[in-house]
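Encoded as structure tokens, the structure appears first; notes follow it.
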Amino acid sequence: MAKPMAHKQQGHIKKWQNDKGFGFIETAAGESVFFHVSAFKAQRRPEVGEHVVFTVAKDNQGRLQAREVQELSFVQQKMAQKNSQIRRRNHKRSAQAEFEAGQKKRLFLGIGFYGVLILLALTDKLSWLVVAWYALLGVITYSMYAKDKAAAQNGDWRTPESTLHLLSALGGWVGAMVAQTYLRHKSQKPEFRITYYLTVIINLAGLLFIMVGDGLTGLKGLL
């Protein structure tokens, strides 16, 4: 029984007798190997001169012959497609891993911010009403993002971007950040992202003013 060799070889068809259905392949080492038309995997007849890929095995009489003869161009094309699929799969995995890492960082940032607010309130450096305001605005802003995404998917009336930015500037930027990250909404539009970062800066500047400036006295007067 024929026992094929493990590795493939390359060569070109040196001779082909179409009426008899067999020919010979010249290997890269210059050897001549017999092959039958049944070993040719293309749905056509072989052509003299074309480059092929094949394995070598022995027949029942111990003579070498080519098996699994394939067009070299076809094999190269399949390999290129496979490599392309592998690259796309690896890129997708890398992007997913990066996205998940970004999710964790943004979530920790949001938790850290609320943690700082609570610590400031515990040390009487910030009113608990301010902490409650940020928590409430965070929830409201997240809900507005979720509503807007659902509207986008269903073709319903959208929430204006100016409304989302206003909520962020007023203190809901953590909720906006979490929504952009976990809902994947408004996270790819550069203009929107730039404006969002500006609202974060504006809000933090306002918070700093309340804490260390005259705004604190005014806020206490209002509260």
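Condition check ((1) over 26 Å from LEU208 (Cα atoms); (2) aromatic (Phe, Trp, Tyr)) across all residues:
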residue	(1), (2)
PHE108	no, yes
LEU117	no, no
ASP124	no, no
THR159	yes, no
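Yes/no per residue for (1) in a helix (DSSP H, G or I); (2) under 18 Å from LEU109 (Cα atoms); (3) at pLDDT 90 or above:
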{"residue": "ASP124", "(1), (2), (3)": "no, no, no"}
{"residue": "VAL139", "(1), (2), (3)": "yes, yes, yes"}
{"residue": "TYR145", "(1), (2), (3)": "yes, no, yes"}
{"residue": "LYS149", "(1), (2), (3)": "yes, no, yes"}
{"residue": "GLN153", "(1), (2), (3)": "yes, no, no"}
{"residue": "GLN188", "(1), (2), (3)": "no, no, no"}
{"residue": "ARG193", "(1), (2), (3)": "yes, yes, no"}
{"residue": "LEU219", "(1), (2), (3)": "yes, no, no"}
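Which of the numbered conditions does TRP157 fail, given that it passes all the others? Conditions: (1) at pLDDT 90 or above; (2) in a helix (DSSP H, G or I); (3) surrounded by fewer than 13 Cβ atoms within 10 Å (Cβ to Cβ).
(2)
What are the pairs with Cβ atoms under 9 angstrom where one residue, in the stretch 51-69, is small (Gly, Ala, Ser) and the other, located anywhere, is not in a strand (DSSP E or B)? Sequence gap at least six, or different chains.
As it stands, the answer is ALA57/ALA2; ALA57/LYS3; ALA57/PRO4; ALA57/MET5; ALA66/ALA39, since those pairs meet every condition given.
Only one residue in VAL130, VAL75 is surrounded by 15 or more Cβ atoms within 10 Å (Cβ to Cβ), of a type in the set (A, V, I, L, M), modelled with pLDDT under 95 and within 30 Å of ARG44 (Cβ to Cβ). Which one? Reasoning before the result, please.
Numbers: VAL130 fails: within 30 Å of ARG44 (Cβ to Cβ).
VAL75 is the lone residue from the list that is surrounded by 15 or more Cβ atoms within 10 Å (Cβ to Cβ), of a type in the set (A, V, I, L, M), modelled with pLDDT under 95 and within 30 Å of ARG44 (Cβ to Cβ).
The values are calculated or read from the model by the stated rules, or taken from the named source; none is laboratory data. Since this is a predicted model, take the numbers as computed values, not measurements. Counting neighbours? That spans all protein chains shown, and the Cβs are built from the backbone with ideal geometry, glycine included.
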